[in-house]
Number of protein chains: 2
Amino acid sequence: MPKDTFFNLPEDKRTLICDVAIHEFAEYSFDRASINRIVAKSGIAKGSFYQYFEDKQDLFLYLMQLAAEKKVNYLSPLMHNPDQHDIFTLIREIYKSAIQFAAENPEYAEISKKLLANKGAPIYREVMADSFPSAYMFFETLLENAIARGEVRADIDVKMFAYMIASMNTLVIEYYTKYVAQHYDKKMLETIEKFLDFLKYGIGENNSESQKGVKL
Amino acid sequence: MPKDTFFNLPEDKRTLICDVAIHEFAEYSFDRASINRIVAKSGIAKGSFYQYFEDKQDLFLYLMQLAAEKKVNYLSPLMHNPDQHDIFTLIREIYKSAIQFAAENPEYAEISKKLLANKGAPIYREVMADSFPSAYMFFETLLENAIARGEVRADIDVKMFAYMIASMNTLVIEYYTKYVAQHYDKKMLETIEKFLDFLKYGIGENNSESQKGVKL
DNA sequence: GTAAGATGTGACCCTGCGGTCATGTGACCA
DNA sequence: TGGTCACATGACCGCAGGGTCACATCTTAC
């Protein structure tokens, strides 16, 4: 947690520091990010920085917290009653909010990506300890319920596909932001529909049910 | 490329240096890897290191080249006649060889993972310039041919699924090495079959063809 | 034996890092 | 006016990084 001194700062100064820091972490990863650069670009003295934050990690964890708060705002209202919707609808909403967040906050998305990439680093565990334990579990529960309701084949490996579905979210985001568009627009919805159709029916030809999900 | 001096070295010394370096890059990522540590662990003087290699990048690219050569040996003989097999068989073989390589060369796999994670870093482009242009193209061609032969639905987005299939390989490897086993054994084949079945039929319930792919 | 060339060596250079601290400054209150 | 307290400052510290270089030591050939 930042020190009181930081929160006593005028808001524009605080925002400036955060913006500069986000930019820095998006460009350089935790280890290579430089406090010297951050203070230079923020126009504050290095000593001041350490009046605001304990250390580099303190700043980073604070930014991650800001990101998490911001991310919650993207969640669909459908998620408030997960039992009332089928799993594919829920996954669609989750993916949508994640892509929208990534598209509208590319620097946060970049930081997450860099973090995910450095799974060995000490900072990774520090961050994940705060936020991640629930993600895979959530998809596992989702799958189990969906199987019970007959929406999903009962013979799948739940753990494996909880992992796959959680991770494929990142893949779809990467594909979308890299090859389709940098912004959240109607093509995003098309991309998600394509993926959901695949998730449901696969890419194999001999499947009478396929193409149902795609209405493009 | 390493200098002549390096190749004039006795083989055991060369191997030792490579082993130490691989270990270092597997643990620390390109930027954080330390030449000081490498020379210390190899028992050579720092000056000697720069008689062998131009710089850190020179060493790293050389190791990547070694990895690529080693990886080729894992490729299935089926890949010599890709036209004679259906796309799911080919994907199975590609995934198998990738997992086997990762399982038997965990440190190389770790280096790749770290590299993939730092897509912004200069070293990433340097490596990918050598090796990557063909990967997505390969899967695109594979998909187009498969569609022409009626193995794959004609309505899919080829570019998107070339990307997904290439990337999901990494996901399956990660899942396998993290949750199933550290070695290449029969469970690996089961994991791949589960994935192929998913790729072909999806996870949706209303699919008369599903479960065909799984014979466990 | 000795000259020449290839190899080996580690002290050393510069740079940038995260982090500290003595000192300065200005607002507020008595 | 003087004291106090929150905040600002940048020179400075120790350290580790990549990379260099003058010199020592081996190998080979005549």
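The values are calculated or read from the model by the stated rules, or taken from the named source; none is laboratory data. Bear in mind the structure is a predicted one, so any value in this text is a computation, not a measurement. As a convention, Cβ positions derive from the backbone with ideal geometry for all residues, glycine included, and neighbour counts pool all protein chains shown.
Structure notes:
- Neighbours by Cβ (under 6 Å, 6+ apart or cross-chain): first from region A:45-60, more than 13 Å from A:Asn8 (Cα to Cα) and of a type outside the set (Asp, Glu); second more than 7 Å from DNA strand D (Cβ to nearest atom) and not in a helix (DSSP H, G or I): A:Leu59/A:Phe53
- Residue among A:Ala162, A:Ala103 that is in contact with a His (Cβ under 8 Å, 6 or more places away or on another chain) and in a helix (DSSP H, G or I): A:Ala103
- Filter pass, B:Phe195 being at the interface with another protein chain (Cβ under 10 Å from one of its Cβ atoms), in a helix (DSSP H, G or I), under 13 Å from B:Ile94 (Cβ atoms) and at pLDDT 90 or above: yes
- Residues within region B:115-150 that are assigned to a loop (DSSP other than H, G, I, E, B) and at pLDDT below 90, tallied: 5
- Residue within region B:183-190 that is assigned by TED's automatic domain parsing to the domain that holds B:Leu90 and crowded, with 21+ Cβ neighbours inside 10 Å present: yes
Per-residue answers, yes or no, for (1) under 28 Å from B:Ser29 (Cα atoms); (2) more than 15 Å from DNA strand D (Cβ to nearest atom); (3) in contact with a Pro (Cβ under 8 Å, 6 or more places away or on another chain); (4) of a type in the set (S, T, N, Q):
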{"position": "A:Ile38", "(1), (2), (3), (4)": "yes, no, no, no"}
{"position": "A:Gln51", "(1), (2), (3), (4)": "no, no, no, yes"}
{"position": "A:Lys71", "(1), (2), (3), (4)": "no, yes, no, no"}
{"position": "A:Ile87", "(1), (2), (3), (4)": "no, yes, no, no"}
{"position": "A:Leu90", "(1), (2), (3), (4)": "no, yes, yes, no"}
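- B:Gln57 farther than 27 Å from A:Lys119 by Cβ and either more than 8 Å from DNA strand D (Cβ to nearest atom) or more than 14 Å from chain A (Cβ to nearest Cβ) (or both): no
- Reported count of residues in region A:15-49, each being small (Gly, Ala, Ser) and within 14 Å of another protein chain (Cβ to nearest Cβ), is 4.
The rows are residues; the columns are (1) in a helix (DSSP H, G or I); (2) out of contact with any Ser or Thr (no Cβ under 9 Å at 6 or more places or on another chain); (3) closer than 21 Å to A:Met188 by Cα.
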site: A:Ile44; (1), (2), (3): no, yes, no
site: A:Gly47; (1), (2), (3): yes, yes, no
site: A:Leu59; (1), (2), (3): yes, yes, no
site: A:Tyr74; (1), (2), (3): no, no, yes
site: A:Met79; (1), (2), (3): yes, no, yes
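- Region B:24-42, residues that are at pLDDT 95 or above and either surrounded by fewer than 17 Cβ atoms within 10 Å (Cβ to Cβ) or in the same structural domain as B:Asn118 (by TED's automatic domain parsing) (or both): B:Ser34, B:Ile35, B:Asn36, B:Arg37, B:Ala40, B:Lys41
- Those residues of region A:22-36 which are out of contact with any Phe, Trp or Tyr (no Cβ under 8 Å at 6 or more places or on another chain), more than 15 Å from B:Asn118 (Cα to Cα) and within 11 Å of DNA strand C (Cβ to nearest atom), in sequence order: A:Asn36
- Within region B:126-170, considering residues that are of a type in the set (Asp, Glu) and more than 8 Å from every other protein chain (Cβ to nearest Cβ), the one surrounded by the most Cβ atoms within 10 Å (Cβ to Cβ): B:Glu140
- Single condition B:Ala102 does not satisfy, out of (1) touching a helix residue (DSSP H, G or I) at 6+ places or on another chain (Cβ under 9 Å); (2) in the same structural domain as B:Ile123 (by TED's automatic domain parsing); (3) exposed (fewer than 15 other Cβ atoms within 10 Å of the Cβ): (3)
- Selection within region B:1-19 - within 15 Å of DNA strand D (Cβ to nearest atom) and either under 19 Å from B:Tyr108 (Cβ atoms) or basic (Lys, Arg) (or both): B:Pro2, B:Lys3, B:Lys13, B:Ile17
- When region B:171-182 is filtered for residues that are part of a helix (DSSP H, G or I) and either surrounded by fewer than 21 Cβ atoms within 10 Å (Cβ to Cβ) or within 7 Å of chain A (Cβ to nearest Cβ) (or both), the ones remaining, listed by number, are B:Leu171, B:Glu174, B:Tyr175, B:Thr177, B:Lys178, B:Tyr179, B:Val180.
- Looking at B:Ser97, B:Ser112, just one residue is more than 26 Å from B:Asp197 (Cα to Cα), at pLDDT below 95 and in a helix (DSSP H, G or I), and that residue is B:Ser112.
- Pairs with Cβ under 7 Å, 6+ apart, first in region A:74-103 and in contact (Cβ under 8 Å) with a residue 40 or more places away in the chain, second surrounded by fewer than 15 Cβ atoms within 10 Å (Cβ to Cβ) and not in a helix (DSSP H, G or I): A:Ala103/A:Gln182; A:Ala103/A:His183
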